[in-house]
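Heads up, the thing below is written out as structure tokens.
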């Protein structure tokens, strides 16, 4: 598939006399996509019902005349101030009962019916006007669902919608009481109208209550997005995308993605390293100007699955950002490296955020491809370099993966409802397993929890899976190699009860978890032969073959046929060793990658990326800092 580059642009921020020059400079740089419109509602409709779209007509025509293709965003992430006068109760409410205020973005509650109707109205107006426009070649719904902690709302609208959702699911309060175990602490209800949202309780609320609230909140996002997609489908054949954000797990991206044509995400490697990653100070210092070597790749592989093979980077960091605790500039070469890594993972397009740095507003410290005075910023030259390289070799076909990792949003909700230990975070657990596979030089596919066929992968990893559904259980025999379940896997029913038989209850594996421990950061449990378990430890009994033991002789990993169960959370070196041994068992070739190097096989080549600040020699190849090479696979 041909790969291409793009940029995010805000014509409403700049004099119209500047648009033509901007469009020409974009085209000269080798950009072909321009995303516009996603934050422009106050200019599209300055007063209720007063649509002013002529300026958008001219902006689209100007961009199209330069040979650029437009991604048109729906503006629903930034409702204008008059919308709050129209719907004073549309604001989301945080867990402390405080209403979010106007003056930023994403301040709406997904459950507010009146706001949803206004969203339908503006999306309909845009779809009718631009659905057949030849320059509008793709659409984006809203912007970054979940960013700024905006999925969970504790408003009156959410309370009413949650009660309706529960009534539809359980049909009677008695059935809900049984499912939630409300006999505990006399929490039984006589009516759905008695049920409140799970916040402001004296101590922790019932985890079953919390999990259902998280399921409900995810369903509200799915419904909100679907309302827009349904309108767009009636007026356009252009593909529809949403731009997800990194490490946002509060809603089910697979379910949102099922209604879309393309999954995209917003990649900010330096911001994420500082803001969203558990790592040592030494690790963060070593990758300060390059980003973590695995965080971007994890999301590339995740959104390739969410998009069913079609995915983009809708926003790629081109310089310092404004929103992280610290905001360094990338090393020279990193913007190019990040872009090529996305293409090696199968991205169709990479779009840089943004064209010109804004001289006003909250993001005026966020770098663009141009400075505020329109002079080139450092990222522009690297984007243009990638464009020239793509002109010579536009085809970058992805290669099959060696390993699959099952990633489940409901598991993230479950373990946030009942972490049992301050360090037990589902994303962190899955990311540790992903990182270990990447350090071994493996291509990884990320799979949803209802995957029904495991035959393409010789090694399947399933750490922390909340519950094992029927589809995945039936698919286990299809794996030609090994399936490894990790700590807490299948340890609750869908109603959040401890099941009998005790977990993990895997077919043919006689093993039962009889006790769990969460460990503080300065504690660990040693393994025989070296290595250690951290954060989480389980005691297991049964007749399954013990393949690894703790120093005290207790089982740490057990096996039966193709199934493995790992009863703890290994640290990084230990997990790499365990996966290396498993790969050898199932016939997968591994490479022990130096700490800053990663590789991705694609299109008959191995792309080797150096995330380090110094040159690295490996397997006879010299890779300069913040650089990549492509060698025959």
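For residue 395, the test of being over 19 Å from residue 297 (Cβ atoms), surrounded by fewer than 23 Cβ atoms within 10 Å (Cβ to Cβ) and touching a helix residue (DSSP H, G or I) at 6+ places or on another chain (Cβ under 7 Å) is failed.
Taken together, 152, 189, 145, 244 contain a single residue that is farther than 30 Å from residue 431 by Cα and in contact with a helix residue (DSSP H, G or I) (Cβ under 8 Å, 6 or more places away or on another chain), which is 189. If you check 211, 200, which single one turns out to be under 30 Å from the mean Cα position of the chain (by Cα) and at positive phi? After ruling out the rest, the residue left standing is 200.
Each row is one residue, and each column tells you yes or no for (1) surrounded by 14 or more Cβ atoms within 10 Å (Cβ to Cβ); (2) more than 17 Å from residue 37 (Cα to Cα); (3) in contact with a helix residue (DSSP H, G or I) (Cβ under 7 Å, 6 or more places away or on another chain).
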position: 74; (1), (2), (3): yes, no, yes
position: 77; (1), (2), (3): yes, no, no
position: 84; (1), (2), (3): yes, yes, no
position: 88; (1), (2), (3): no, yes, no
position: 96; (1), (2), (3): no, yes, no
position: 112; (1), (2), (3): yes, yes, yes
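From the list 447, 440, 472, the one residue that fits, being farther than 25 Å from residue 251 by Cα and either out of contact with any helix residue (DSSP H, G or I) (no Cβ under 7 Å at 6 or more places or on another chain) or surrounded by 15 or more Cβ atoms within 10 Å (Cβ to Cβ) (or both), is 440. Cβ-Cβ distances below 8 Å connect the following pairs, each with a first residue in the stretch 498-526 that is buried (at least 17 other Cβ atoms within 10 Å of the Cβ), a second residue that is part of a loop (DSSP other than H, G, I, E, B) and at pLDDT below 95, and a separation of six or more residues or different chains: 519/423.
For the condition touching a strand residue (DSSP E or B) at 6+ places or on another chain (Cβ under 6 Å), in the same structural domain as residue 70 (by TED's automatic domain parsing) and surrounded by fewer than 24 Cβ atoms within 10 Å (Cβ to Cβ), residue 304 qualifies. Scanning the stretch 334-359 for residues that are in contact (Cβ under 8 Å) with a residue 60 or more places away in the chain, farther than 22 Å from residue 628 by Cβ and out of contact with any helix residue (DSSP H, G or I) (no Cβ under 7 Å at 6 or more places or on another chain) yields a total of 2. Only residues that are assigned to a strand (DSSP E or B) and under 26 Å from residue 498 (Cβ atoms) were counted in the stretch 513-555, giving 23. Those helices (runs of 4 or more DSSP H) of the stretch 252-333 in which 2 or more residues are touching a helix residue (DSSP H, G or I) at 6+ places or on another chain (Cβ under 6 Å) occupy 253-257, 269-275, 295-306.
For the stretch 47-70, the criterion of being out of contact with any strand residue (DSSP E or B) (no Cβ under 8 Å at 6 or more places or on another chain), under 24 Å from residue 147 (Cα atoms) and assigned by TED's automatic domain parsing to the domain that holds residue 309 is met by none of the residues. Scanning the stretch 230-251 for residues that are out of contact with any strand residue (DSSP E or B) (no Cβ under 9 Å at 6 or more places or on another chain) and in a helix (DSSP H, G or I) turns up 230, 231.
The values are calculated or read from the model by the stated rules, or taken from the named source; none is laboratory data. On a predicted model such as this, the values are computed, not experimentally measured, just so you know. No Cβ is skipped: glycine too gets one built from the backbone with ideal geometry, and neighbour counts run over all protein chains shown.
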